[in-house]
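One structure is given below, encoded as structure tokens.
The values are calculated or read from the model by the stated rules, or taken from the named source; none is laboratory data. None of these values were measured; they are calculated from a predicted model. A quick note on method: Cβ atoms are made from the backbone with ideal geometry, for glycine too, and the neighbour counts reach across all protein chains shown. Just the protein is used for accessible areas: all its heavy atoms, side chains included, with ligands, DNA and RNA removed. Shrake-Rupley method; radii C 1.70, N 1.55, O 1.52, S 1.80 Å.
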Amino acid sequence: MKLIEELWTSLIESLGALGSVVRFLLRLLAASPRALLRPDLIAKQIYNSGALSLVIIMLSGLFVGMVLGLQGFELLQRFGSEEALGTAATIGLVKELGPVVTALLFAGRAGTALASELGLMRATDQLSAMEMMAVDPIRRVVVPRFLGGVIAMPLLAAIFSVIGIYGAQLVGVQLMGVDAGSFWSQMRASVGLSDINEGIVKSCIFGVACSLIAVYEGYYATPTAEGVGRATTRTVVTSAVVILFFDYLITAAFL
Amino acid sequence: MNQSAAIIEIRNASYAVTGRPVFAGLDMDIPRGRITAIMGPSGTGKTTLLRLITGQVAVDSGSIVVAGQELAGIRRADLYVLRRRMGMLFQNGALLTDFSVFENVAFPLREHTDLPERLIRQLVLTKLQAVGLRGAAELMPAELSGGMSRRVALARAIVMDPEILIYDEPFVGLDPISLGVILRLIRRLNDALGITSIVVSHDVQEMSTVADAVFLLSGGKVVAKGTPQQLQTYPSEIVRQFIGGLADGPVPFHFPAPDYFSELLAGGEKS
């Protein structure tokens, strides 16, 4: 009986939290049109979330691609179809690993930066000061960061996938001796637009989810050192779970 | 516009946080063009009062009229229009850490006006000159001392030429020189710009030198009001305790606790 009660309260609490996140998202969307009038602010945030994450994304993409090249080659060799390595690696990267790993890295690199930045602004009264200067912090600070993340994430995922494919080629063709012509031509023949679309849809949705979680946690962080730390941790944990959950849903929807 | 003597009128205002009343039936008139000190022991709701006056939180009942505008049920857009006529100095300055001193002071101008860069520069330098920090225009907030941060924040608060300037604990943690500078600035800005200054503080000595009127809050009520001189001889226990800095009195030294001996004899067992 007690267990059911506890489950019920935690369910209600989770629904309440979800509701406030959705309300926050609606507030961000309502403020977005006016925030778009200041493209310079958004560009700066694309730089912060996107350009500054490039090195980690490119390095990870290269290594993930190289591992795919090795594992894929090993597996396909058993069936004597190493030439399909290009297709296998590309589908794996574009549909799955590109968006998911990029989003996880994005949550760790850009998401935590956003959450701690907003949390510290809250803790040092900078957000209240803006409100007192009749400047809406949602429109001036939060929305540009949110939109910057939403725009940067699909671009990063695309870069991750492209570098990953080169990584797979590097190992498969240069190291393991798969024929370069069949690697590329099989890839071109078998990877369709729908595969790429799935990757784009995933990375866009992950971009919205990661950026939203980061700015929400930061904006509502308890204004203490501990509170900001907790907000940062929650950003990564919640993002990771949400990314993997949505990944399953979207994959199922595209079947 | 309402040109009465009081620029802020609080009538029968009540406000509670999670069921615990902070104010119950508060009445207050803050005179126009003067320096008004709001004083009182810690935890009496001084900062809450500022949040009510600035519309950061709304009263549960009663009314607060600021510069002719009723705050109860005010629309967000109207509140933002009203706030352009107010400046506020936060306890720690609350400077935007990404921006230089110059950009911090320019921030309200850039957000609210389309002034040409040359004019913005002139306005910002004038305000920085008024607080004595024109030479620090290119520094970042992290490079400033506590007193300098507050002076920059003060320049930022006056850059839109507000009618009301609110200071939240402006003297906390300042060395005597910086403190003297801030005191002088409060007086000078008030008289030179003809604004209304509201200073929340518990520094009795400092405030008695600068304030025109004092409200002493305790337990969510105004327990005394008058000039600093009148308060020195005010016939009330709580006022005497506060002004004299006595450790015990109507505000007890001890936080409410169970009986001392019985708790000691309980041998560390939590009941």
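Can you compute the charge dipole magnitude of chain B about its Cα centre, using +1 on each Lys and Arg Cβ and -1 on each Asp and Glu Cβ, nothing else charged? Give it in debye, rounded to the nearest 20. Don't jump to the answer; show the numbers that get you there.
On the way: 26 positive and 27 negative charges, 144 e Å.
Here the size comes out at about 700 debye.
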DSSP loop trypsin sites (Lys or Arg not before Pro) with at most 14 other Cβ within 10 Å excluded, longest remaining stretch of chain B: B:76-269
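Ignoring any ligand, DNA or RNA, what whole percent of the accessible area of the range A:1-153 comes from carbon and sulfur when the probe is 1.4 angstrom?
Values: 5200 of 7340 Å².
Of all accessible area on the range A:1-153, carbon and sulfur atoms account for 71 percent.
With the contact rule set at Cα under 8 Å and sequence spacing of 6 or more, what percent relative contact order holds for the range B:182-225? If you can, show how the numbers build up before the last one.
Details: 22 pairs, mean separation 11.0, N = 44.
This gives 25 percent for the range B:182-225.
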Zero-based 20 Å bins, Cα pair distances in the protein assembly as shown, whole percents: 18, 40, 27, 12, 2, 0
Stokes-Einstein D (µm²/s) once Rh is taken as the Kirkwood radius of chain B over alpha-carbon pairs, at 37 °C in 0.692 mPa s: 162
DSSP loop GluC sites (Glu not before Pro) with at most 12 other Cβ within 10 Å: longest gap in chain B: B:1-137
Peptide A:122-131 - average C-beta neighbours from other chains (10 Å radius): 6
Inter-probe distance in nm under a simple model that places probes 7 Å from Cα toward Cβ, at A:Ala253 and A:Ser10: 2.8
Straight-distance crosslink candidates among lysines, where the alpha carbon sits under 24 Å from B:Lys225 and sequence neighbours closer than 8 are dropped: B:Lys46
Point-to-point label distance, B:Gln129-A:Thr224, nm (Cα→Cβ direction, 7 Å offset): 4.7
Residues whose placed amide H lies under 5 Å from that of B:Ile166, excluding near-sequence neighbours: B:Gly87, B:Met88, B:Leu89, B:Ile198
Gain in span if fully extended, B:Gln230 to B:Asp114, counting 0.36 nm per residue against the direct Cα distance: 37.0 nm
For the range B:74-209, accessible area per residue (1.4 Å probe, heavy atoms of protein chains only), Å²: 43
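Counting each DSSP H run of 4 or more residues in chain A as -39500 (n - 2.57), what helix-only mean residue ellipticity at 222 nm follows after dividing by all residues, to the nearest 500 deg cm²/dmol?
Values: 11 runs with 200 residues, N = 255.
That calculation yields -26500 deg cm²/dmol at 222 nm.
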Loop chymotrypsin sites (Phe, Trp or Tyr not before Pro), the range B:185-271, which have at most 14 other Cβ atoms in a 10 Å radius of their Cβ (DSSP): B:Phe253
Rg/Rh for the range A:1-107, where both radii come from Cα atoms and Rh is the Kirkwood radius: 1.20
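Tell me, what % of the accessible area of chain B is carbon and sulfur with a 1.4 angstrom probe? Walk me through the numbers before you get to the answer.
Values: 7280 of 13360 Å².
Using a 1.4 Å probe with all protein chains present, chain B comes out at 54 percent carbon and sulfur.
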Shielding score for B:81-90, defined as the mean number of other chain Cβ atoms within 10 Å: 3
Unit charges at the beta carbon, dipole of chain B: most positive-side option, B:His254, B:Ser42, B:Ile120: B:Ile120
Kirkwood Rh, angstrom, the range A:40-254 [1 / mean 1/r, Cα pairs]: 18.2
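Determine the calculated [θ] at 222 nm for chain B from helices alone, applying -39500 (n - 2.57) to every DSSP H run no shorter than 4 residues and normalising by the residue count; nearest 500 deg cm²/dmol.
On the way: 10 runs with 99 residues, N = 271.
That comes out to -10500 deg cm²/dmol.
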